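The values are calculated or read from the model by the stated rules, or taken from the named source; none is laboratory data. Values in this document were obtained by computation on a predicted structure and should not be read as measured data. No Cβ is skipped: glycine too gets one built from the backbone with ideal geometry, and neighbour counts run over all protein chains shown. For the accessible areas, the whole protein counts, side chains as well, though only heavy atoms, and no ligand, DNA or RNA atoms are used. Shrake-Rupley method; radii C 1.70, N 1.55, O 1.52, S 1.80 Å.
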Amino acid sequence: MKTLLLKAFMLSSLIALLQSCYPGGAEYTSDLDIAISRYESVENLRSYRSYYLVEDSIAVTSNTKDTLTLVQQLAVLANVDTQLQGILELEKVTKTELESGAKVPDLFIQLSQIAVQQSGFVWQPPYYPGYPGWGYPGWGYPGYPWYGGGYSYYSYSNGTILFDFIDVEQTTKENEGIGNDEVPTLILGWQGALNGVLSRANSVPLINEGVDVLFDQYNTAKAGTE
Amino acid sequence: MKKYIITLLLGLTGFYASAQQSDFILTYQMALPLGNTSDYISSFSGRGVGLEWKKHLLTTPVSYGFSVNWNVLYQKVDDRYNSPEEGIVADGRQYRYHNTVPILLHANYYFNEDGIINPFVGVGLGTYYINQRTSFGQWAFIEQNWHFGIAPEVGVVADVSSSFNMLFTIRYNHAFKAGNTTDHSYLGFNVGFVF
């Protein structure tokens, strides 16, 4: 009987130890921030020399108010404009040049922001703050530094900024002969996304850091090797 | 009726007698990833547990048994993902989890069964349930499969107390390729109590 109790005690201790040490994953919303880019052809990326950037504002698709203010949008756009010439070494085509037909850019660039509100309850066991959490609404939501147990309410905005690089030549060819009432098909030469950056106070410096990362990805893609 | 009761009693006595030759083992398991597993997670893991039941043969220094184990590998990775084939480049923190549950049949040979220190060699054969999950941003990529696997091991049983012995083993775990996933392997360092 004594041995049986000893076995049961040791078994439960080992399992409890293992479970409490189970790695918990993301702790803060910043741990979930990602920068991701997609492209069709490396040759096309290498062929782009000039761009036109829509500089008036960043388009909004949102169910919350947690999007960038116009002042923030203009600050982000100014940085994007600088880094397109700096990191990507592309030549700028101005609005005047575009409208007069003096220059046709290789890329037509537009940014858009998408913000979605996430909220819910989670139950946190009292004995271990790092526990992955029962009743957690799926994986992947950020943990919070709860102390003690009980229910907690969380609410955060999960936002993405999209960078669409439209291939002007391919898009023009694709839409030859379409009527004025038809929606043109846009051919993307490259698309970048900063996911999670609208989560935290819409920090412009944070977004600017993300822009640097995305454009560095563009250059990695151009290099064409793993 | 009487003869059935006697047979049952004899059977129970026999079971009890044979149970004296059985071991129940609890192990704390550490793991060093190797090969493809190491490419995915290279960190040494101290998260593992195992349960084993063993029965010793009376005439030869051999035992056979059965074990269920659980090993967890984990690593945070900040590497850039770059795939020219897919046309994707991505940066962000990846949380990689690799859960392995080996369910094995064992056979061991002992070199000094009556000694205080009893070295042995053994082999385990069975199935490895492997669940591999990569969390990235708000997405997760999950692969789970049952693999056929083999686990040769060397170890020592130390007679440290009248109520239990200690066990130290090094077990090479190899789960063969299954489905679309690669093979997996790791070196297990196990410390256990033998009852």
Inset, instruction - Go through (1) within 12 Å of the chain's Cα centre (by Cα); (2) more than 14 Å from chain A (Cβ to nearest Cβ); (3) buried (at least 20 other Cβ atoms within 10 Å of the Cβ); (4) among the small types (Gly, Ala, Ser) and name the single condition B:Gly122 misses. - result: (1)
Legend entry - Matching option when the condition is without any contact (Cβ under 8 Å) to a residue 40 or more places away in the chain, within 11 Å of chain A (Cβ to nearest Cβ), at negative phi and open to solvent by less than 50 Å² (accessible area, probe 1.4 Å), among B:Val77, B:Val101, B:Val72: B:Val72
Inset, instruction - Please find, among B:Arg96, B:Arg133, the residue that is closer than 19 Å to B:Leu187 by Cβ and either basic (Lys, Arg) or modelled with pLDDT under 95 (or both). - result: B:Arg96
Inset, instruction - Name the single residue, out of those in the stretch A:30-63 being open to solvent by 30 Å² or more (accessible area, probe 1.4 Å) and modelled with pLDDT under 75, that is nearest to A:Leu111 (Cα to Cα). - result: A:Val60
Inset, instruction - Determine if the stretch B:80-91 includes at least one residue that is more than 21 Å from A:Gln191 (Cα to Cα) and either within 14 Å of chain A (Cβ to nearest Cβ) or free of Cβ contacts under 8 Å to residues at least 60 places away in the same chain (or both). - result: no
Inset, instruction - Test A:Ala16 against the stated conditions and say whether it is crowded, with 16+ Cβ neighbours inside 10 Å, over 27 Å from A:Ile109 (Cβ atoms) and at pLDDT below 75. - result: no
Legend entry - Enumeration of residues in the stretch B:36-60 that are more than 10 Å from every other protein chain (Cβ to nearest Cβ) and either closer than 12 Å to B:Gly192 by Cβ or open to solvent by 50 Å² or more (accessible area, probe 1.4 Å) (or both): B:Asn36, B:Asp39, B:Ser42, B:Phe44, B:Glu52, B:Trp53, B:Lys54, B:Leu57, B:Leu58, B:Thr59, B:Thr60
Legend entry - Among (1) at pLDDT below 85; (2) within 14 Å of chain B (Cβ to nearest Cβ); (3) outside any strand (DSSP E or B) - the single one A:Tyr144 does not satisfy: (2)
